[in-house]
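Peer 1: My structure is below; once you've seen it, I'll send some questions.
The values are calculated or read from the model by the stated rules, or taken from the named source; none is laboratory data. Quick caveat, the model's predicted, so the values are computed rather than measured. Heads up, the Cβs are rebuilt from the backbone with ideal geometry, glycines too, and the neighbour counts pull from every protein chain shown. Note: areas computed on protein heavy atoms with side chains; ligands, DNA, RNA excluded. Shrake-Rupley method; radii C 1.70, N 1.55, O 1.52, S 1.80 Å.
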Amino acid sequence: MERQILRVNLSDGNIRQEEIPARVCRDFIGGRPLAARYLYGEGTAGVDPLGPENILIFVAGPLAGSGARGVNRWLVVTKSPLSGGFFRSVGGSDFGAWLHGAGYEMLLLTGRAEEPVYLYLGPRGRVELRTARDLWGKGTGDTRAELRRRHGQGARVACIGPAGENLVRYASIISDHSTAARGGVGTVMGAKRLKALVVEAEPDVPVARQDLWSRILVRQEELVERRDHRAPLPGALKGAILPTHNFQGALKADIDPVDLPRLLERKGPEFQTYWALGANPGHLDPDLVTMANERCNDLGLDTVSTGGSIAFAYELRQRGLLQAEGFDLGWERPEATMELIRMIAYRAGIGDLLAEGVDRMAAYIGSGAREYAMTIKGIEMPGYDPRVRPLHGLGMAVSALGGSYCYGKALHAGLFAADREGEDLVGQVSRIQETTVALETGVGCLFAYLGGWLSLEQMAEMMTAVTGTEVTSEDLKGAAERSLTMERAFNLREGLGREADTLPERFLREGVEAGEITAGPLTELPRLVTAYYRRRGWDEEGRPTPATLDRLSLELVRLDQPREFKVAFSRELTK
């Protein structure tokens, strides 16, 4: 079975198709590990994340569009304009199925178009760059509607909104009601003047071993019927401990939006958005958060970084470090969230500063603002307080992605990170990371895994049937370990070493106490980070050892090309 990449140079319009080499397929299998290999192997150290040299990768797994359930997610992989390091963002809906169904597991985009364009993938292998001048400036809803008017209502669209066009550092990519939101992937897309991807060719994924495949699908449907109903819904909230006021406090949620039909009908937000646009800025009104989420999606903004930037601005105002001319910042005005979202997307007024993200805001303001910046490796943190949940804290501190909630975390500890007798915190974090990345070879859904109807063993058997090449769960774990090591090497090459594997000082110095919620500072973090390095086969500075690189057959990795990533603004800001 041939597995294909589509390369598109937006600068000169060159488009070519190539087969993925057999050894690369064997060692990296697909999805995230495959994308990590190409980003590291073909990227140039020190490039500007928003420059034409940066690589933007869309990848679907080898199972996408095959007919199996829980494997149609897609990833966007690039050098982040927030962290300057490796980043991957996950998208849902069925865009991954259609991308793979068009004949490509991966789109590798380089360069920058002279004017706005969109990439069209049509029937019978037709691939074209088309003008998007009339789409530039439109929200994601209007963009999707217009492209479906042109290419049929069945066409699948992934696009950016005004936030990506205006190079807001945390712009997202939207496909239907799903987003590849985190890390500024939509910003990189906007910097390349790429408004959208459109797939009109319906999924047609060949299966090498049809007899085995038929049995797998029947068995999966049986497992879906018997699934673990304890697995959480994405919007489940009740009982969760939510940080508030930029992690100055915490509360225990006493509402559950999944029980509100009016929000479910609007495909209401998931957990992190309720936290980021609600509890973190100091309120938890589900209807207001739903409206804020809809505005973020139409403008193409990551809700977590948007909420984190707003809460940071509120705390700076609380401490007398920031004033916004003509705009009243403050915890007591939750309705201001809606207006700030618009101002951020269009870089209007104070929104121009917030659009740079928390780290760059702190660097610009100075005067001790860094102390209140709740970021990890430049990425705004999700709604997990590391003092209350050390497993999340360590996982985020050592992850290549920094403050991302879909990696290196315990997804509902009783299910995904079930306590194993004798397994320490470092062992749990390592195991969770490897399992997460192994699932993302597929690209598999974590909620399917939690529900008990998509195990690594099932995914390996599916890959064997689809590709015709024997794949085991150990192969998936091996690809995951290679990916984790290569992502680490990418960050080291960009100057993100041990000093970046930490948490904001607030969590290392202060405890948190709010009602029944009490937790001390995470003072053990440096020791845990060192223990994690040993578990991974890295040295005291977090550099993969030669023995580890040899064991993983990563001859491609070079650790003698360090770079220093410097904070830069998207545009000049004046005080």
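Peer 1: Has the stretch 98-110 got any residue that is charged (D, E, K, R) and outside any helix (DSSP H, G or I)?
Peer 2: Initial filter on the stretch 98-110 (charged (D, E, K, R)): 105.
From the residues that got through so far, the ones that are outside any helix (DSSP H, G or I) too are 105.
Scanning the stretch 98-110 turns up at least one residue that is charged (D, E, K, R) and outside any helix (DSSP H, G or I).
Peer 1: Answer yes or no as to whether Leu321 is open to solvent by 10 Å² or more (accessible area, probe 1.4 Å), under 23 Å from Leu82 (Cα atoms) and free of Cβ contacts under 8 Å to residues at least 60 places away in the same chain.
Peer 2: Spelling it out, Leu321 is indeed open to solvent by 10 Å² or more (accessible area, probe 1.4 Å), under 23 Å from Leu82 (Cα atoms) and free of Cβ contacts under 8 Å to residues at least 60 places away in the same chain.
Peer 1: So Ala201 passes all but one of these: (1) without any contact (Cβ under 8 Å) to a residue 60 or more places away in the chain; (2) of a type outside the set (Lys, Arg); (3) in a loop (DSSP other than H, G, I, E, B). Which condition number does it fail?
Peer 2: (1)
Peer 1: Let me ask you something else. Working only within the stretch 394-429, note down all residues that are modelled with pLDDT of 90 or more and under 23 Å from Glu494 (Cβ atoms).
Peer 2: Scanning the stretch 394-429 gives Leu394, Gly395, Met396, Ala397, Val398, Ser399, Ala400, Leu401, Gly402, Gly403, Val429.
Peer 1: Another question about this same structure. Would you mention how many residues in the stretch 324-352 are open to solvent by 10 Å² or more (accessible area, probe 1.4 Å), within 21 Å of Gly278 (Cα to Cα) and either in contact with a Lys or Arg (Cβ under 6 Å, 6 or more places away or on another chain) or part of a helix (DSSP H, G or I) (or both)?
Peer 2: So the count comes out to 4.
Peer 1: A further question on this structure: Considering only the stretch 130-137, I want to know if a residue exists there that is in a helix (DSSP H, G or I), touching a residue at least 24 places away in the same chain (Cβ under 8 Å) and surrounded by fewer than 24 Cβ atoms within 10 Å (Cβ to Cβ).
Peer 2: no
Peer 1: If the Cβ limit is 8 Å and pairs must be 6+ apart or interchain, which residue in the stretch 273-298 that is touching a residue at least 60 places away in the same chain (Cβ under 8 Å) pairs with which residue that is open to solvent by 30 Å² or more (accessible area, probe 1.4 Å) and basic (Lys, Arg)?
Peer 2: none
Peer 1: Scan the stretch 278-309 for residues that are assigned to a helix (DSSP H, G or I), surrounded by 24 or more Cβ atoms within 10 Å (Cβ to Cβ) and aliphatic (A, V, I, L, M) and report the count.
Peer 2: 5
Peer 1: For the stretch 466-481, give me the residue count where each residue is part of a helix (DSSP H, G or I) and either crowded, with 23+ Cβ neighbours inside 10 Å or touching a strand residue (DSSP E or B) at 6+ places or on another chain (Cβ under 7 Å) (or both).
Peer 2: 4
Peer 1: Within the stretch 484-504, does at least one residue satisfy the condition of being closer than 30 Å to Gln210 by Cβ and among the aromatic types (Phe, Trp, Tyr)?
Peer 2: From the stretch 484-504, those closer than 30 Å to Gln210 by Cβ are none; that's our starting set.
No, that holds for no residue.
Peer 1: Residues in the stretch 3-50 that are open to solvent by less than 30 Å² (accessible area, probe 1.4 Å), β-branched (Val, Ile, Thr) and not in a loop (DSSP other than H, G, I, E, B): how many?
Peer 2: The total comes to 3.
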